[in-house]
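Okay, so here's the structure we're looking at.
The values are calculated or read from the model by the stated rules, or taken from the named source; none is laboratory data. None of the values given here were measured: they were computed from a predicted structure. Cβ placement follows ideal geometry from the backbone for every residue including glycine, while neighbour counts extend to all protein chains displayed. Remember, those area values only see protein heavy atoms, side chains included, never the ligands or the DNA or RNA. Shrake-Rupley method; radii C 1.70, N 1.55, O 1.52, S 1.80 Å.
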Amino acid sequence: MTPLIAGNWKMFGLKAALAELEALKGAPRGGTEALVCPPATLLAGAAATLAGSGIGVGGQDCHKAPEGAHTGDLSAGMLKDAGASYVILGHSERRRDHGESDALVRAKALAAAGAGLKPIVCVGETIEERNAGREGEVVRAQLAASLPDAAPGGLVIAYEPVWAIGTGLTPTNPQIEAMHALIHAALKARFGVGVRVLYGGSVKPSNAAEIFAVAGVDGALVGGASLKAADFSAIIKAHPAAAA
Ligand code: PEP
């Protein structure tokens, strides 16, 4: 499976930030797939800037309906129309800030698939859940309820322990390996096909190579360190496939 290294810009970036994408275009990527998910206001600009580069753009969320009276929301079709090929769904910040449930994430994944977008569905435990030894149970339940009955084309899962996002903390390599093995096994049992499972949570140039070497890690979802082309391209370069 081609490793996917995706950047989540969250609510950061004005038009001037597109200059970072100009810089990213020339960075060597080898056999990796690179993706940038900017705020929706920059989606069309990012798609235009990256046109022909092979680097994709994605949204950070979509509504579950194809259109309608939903002030302030964006449909999957709108993201696609602006140039997106992927959409991040169920990020823990949306689950926290907007009370998104697994059922809503599932409905959004169906909407994304219906519009021809590949969903990147995020799962991950809180620190309390990990301290209680419940991380496996929590992530299995999130997978069961956040995914449609049939795997959407191009489905990607991002394992993002909530306590590792934006904190500088990362799980140990055996902890990452155990969770990725559990997720791969659950997806294989349910869908019968291989699905890429990304690791996300404080990935940076200094720890990326070590994380990419962990069995079952098919790439990364990168937040803070994706905002600067130099950092994001260093993370891409740290993947063994980048040299291929
Ligand atoms: C994220 O937002 O998905 C993320 C992993 O953030 P960070 O890399 O900043 O921890």
Hits in the stretch 218-244 - residues which are under 15 Å from Pro3 (Cα atoms), open to solvent by 10 Å² or more (accessible area, probe 1.4 Å), outside any helix (DSSP H, G or I) and modelled with pLDDT of 95 or more:
Asp218, Ala238, His239
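Could you tell me which of the residues Pro28, Pro66 is over 18 Å from the mean Cα position of the chain (by Cα), closer than 22 Å to His98 by Cβ and open to solvent by 30 Å² or more (accessible area, probe 1.4 Å)?
Numbers: Pro28 fails: closer than 22 Å to His98 by Cβ.
It is Pro66.
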Somewhere in the stretch 33-41, is a residue part of a helix (DSSP H, G or I) and modelled with pLDDT of 95 or more?
yes
Yes or no: the stretch 105-118 includes at least one residue that is in contact (Cβ under 8 Å) with a residue 24 or more places away in the chain, in a strand (DSSP E or B) and more than 16 Å from the ligand (Cβ to nearest atom).
yes
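One line per residue, one yes/no per condition, for (1) within 16 Å of the ligand (Cβ to nearest atom); (2) closer than 28 Å to Ser75 by Cβ; (3) free of Cβ contacts under 8 Å to residues at least 40 places away in the same chain:
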residue: Thr126; (1), (2), (3): yes, no, yes
residue: Gly133; (1), (2), (3): no, no, yes
residue: Val138; (1), (2), (3): no, no, yes
residue: Pro148; (1), (2), (3): no, yes, no
residue: Ala151; (1), (2), (3): no, yes, no
residue: Leu155; (1), (2), (3): no, yes, no
residue: Pro171; (1), (2), (3): yes, no, yes
residue: Ile176; (1), (2), (3): yes, no, no
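For (1) open to solvent by less than 30 Å² (accessible area, probe 1.4 Å); (2) in contact with a strand residue (DSSP E or B) (Cβ under 8 Å, 6 or more places away or on another chain), each residue gets a yes or a no:
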site: Gly114; (1), (2): no, no
site: Gly133; (1), (2): no, no
site: Gln142; (1), (2): yes, yes
site: Pro161; (1), (2): yes, no
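So if I check each of Gly83, Gly7, which one is within 16 Å of the ligand (Cβ to nearest atom), at pLDDT 95 or above and within 18 Å of the chain's Cα centre (by Cα)? Break it down into steps so the answer makes sense when it comes.
Values: Gly83 fails: within 16 Å of the ligand (Cβ to nearest atom).
Exactly one residue qualifies, and that residue is Gly7.
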